[in-house]
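The values are calculated or read from the model by the stated rules, or taken from the named source; none is laboratory data. Only a predicted model underlies this, so the values are computations on that prediction, with no experimental measurement involved. Ideal geometry is used to build each Cβ from the backbone, glycine not excepted, and the neighbour counts take in all protein chains shown. For the accessible areas, the whole protein counts, side chains as well, though only heavy atoms, and no ligand, DNA or RNA atoms are used. Shrake-Rupley method; radii C 1.70, N 1.55, O 1.52, S 1.80 Å.
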Amino acid sequence: MTGKIDDRRIMPFKLANIGCGTTIHPAWENYDLLPLSPGVTRIDLLRGLPFVDAVYDGIYCSHVLEHLPRQRVIGVLREFRRALRPDGILRVVVPDLEVIAELYLRELRAALDGDQSAADRHEWMCMELLDQMTRSFSGGFMGRLLSSRPLNSRGFVEGRIGQEGRVWLESVDRSMALDPNLVYDVPDTTEKTETKFRSSGELHRWMYDRLSLGRLLREAGFARIKVCGPAESAIRGFAGFGLDTDEKGVVRKPDSLFMEATAIA
């Protein structure tokens with residue numbers, strides 16, 4: 001008895017981590033605009049993907065889309081769709097505008113009712129909502145707040161910023177221990193320095209919730225779009241790669257929206 005061979009059974013299982021920063025895994029092909037680790041290949045999403053069609057079984061893209069011009073994101077998602085094999089999975093992670101807005105309103109209302117600790121949390125949520133879209137210098141007012149001591153509502157802030165943010169806080173703690181009078185001032189800026197900074201890639205160009213991101217994924221040709229937990233994925237063995245959670249299961253970026261979509265043939 002003869003029949004057509006399913007090429008997917010003999011092709012290697014290929015995964016791409018696009019916009020990886022320092023969060024990489026050797027089972028994945030890791031790409032970034034500014035590679036920071038050995039083995040990471042440079043890629044500029046706004047110039048298209050240098051891949052043949054239908055080459056990957058899974059693509060992971062975390063905290064990247066919010067840094068791209070809103071009008072260019074649909075083209076990037078279509079490129080992801082092109083690079084995926086039939087039934088390949090795209091996993092996109094972005095700051096969750098819905099949760100940020102809900103927490104902002106919750107802390108605002110509590111602060112207006114006289115809860116001082118809520119006023120401190122409200123200040124932080126304003127940073128999450130606005131600072132990375134409006135800052136004119138690296139770190140912005142969010143960085144200045146993280147560098148202030150005492151940092152009010154520190155437990156709440158740590159719960160929002162995750163592992164990378166806690167590394168920053170610990171670095172400031174060590175610096176303050178060496179020099180208790182250390183002050184992180186807001187730098188003077190000029191039109192020229194602001195213009196240069198705005199092209200550096202640090203700014204957020206847009207924010208997404210499950211509705212708006214889902215709409216873009218459908219427009220780009222994806223199906224079976226769903227919100228996932230940080231360790232939940234249709235990508236085989238995903239939780240074991242340590243991309244969204246560490247070896248203890250701690251979420252790396254707790255402020256995130258995790259969504260997946262399938263490339264249908």
**OP:** Please give the length that would be gained between E158 and E102 if that part of the chain were fully extended, namely 0.36 nm times their separation in residues minus their C-alpha to C-alpha distance (nm, one decimal).
**Re:** 18.4 nm
Original post:
What are the residues whose amide H is under 5 Å from the amide H of N30, where those residues sit 5 or more places off or on another chain and H is modelled from the backbone?
Top reply: N17, T41
**OP:** Take the Cα coordinates of the chain, assign each an equal point scatterer, and use the Debye formula without solvent to give log10 I(q)/I(0) at q = 0.07 Å⁻¹.
**Re:** -0.29
Original post:
Per residue, how many Å² of accessible area does region 121-172 show with a 1.4 Å probe?
Top reply: 45
Original post:
Out of region 104-164, which chymotrypsin sites (Phe, Trp or Tyr not before Pro) are coil in DSSP terms and have no more than 16 other C-beta atoms within 10 Å?
Top reply: F137
Original post:
Can you pull out the GluC sites (Glu not before Pro) in region 220-265 that DSSP calls coil and that have at most 15 other Cβ atoms within 10 Å?
Top reply: E232, E247
Original post:
Of all the Cα-Cα pairs you can form in region 168-265, what percent are over 17 Å apart?
Top reply: 72
Original post:
Counting only protein heavy atoms and using a 1.4 Å probe, what share of the accessible area of region 155-265 belongs to carbon plus sulfur, as a whole percent?
Top reply: 53
Original post:
Just the Cα atoms of region 100-159, one point each, no solvent: what log10 I(q)/I(0) does Debye give at q = 0.16, 0.18, 0.21, 0.24 Å⁻¹?
Top reply: -0.49, -0.61, -0.81, -1.00
**OP:** Classify region 151-190 as rounded, prolate or oblate, taking a ≥ b ≥ c as the square roots of the eigenvalues of its Cα gyration tensor: rounded when a/c is under 1.5, otherwise prolate if a/b is larger than b/c and oblate if not.
**Re:** oblate
Original post:
What is the calculated FRET efficiency for V186 to D44, with r their C-beta to C-beta distance and R₀ = 41 Å, to the nearest 0.05?
Top reply: 0.85
Subject >> Shape parameters for region 60-181, alpha-carbon atoms, Rg then Dmax in Å >> reply: 18.0, 59
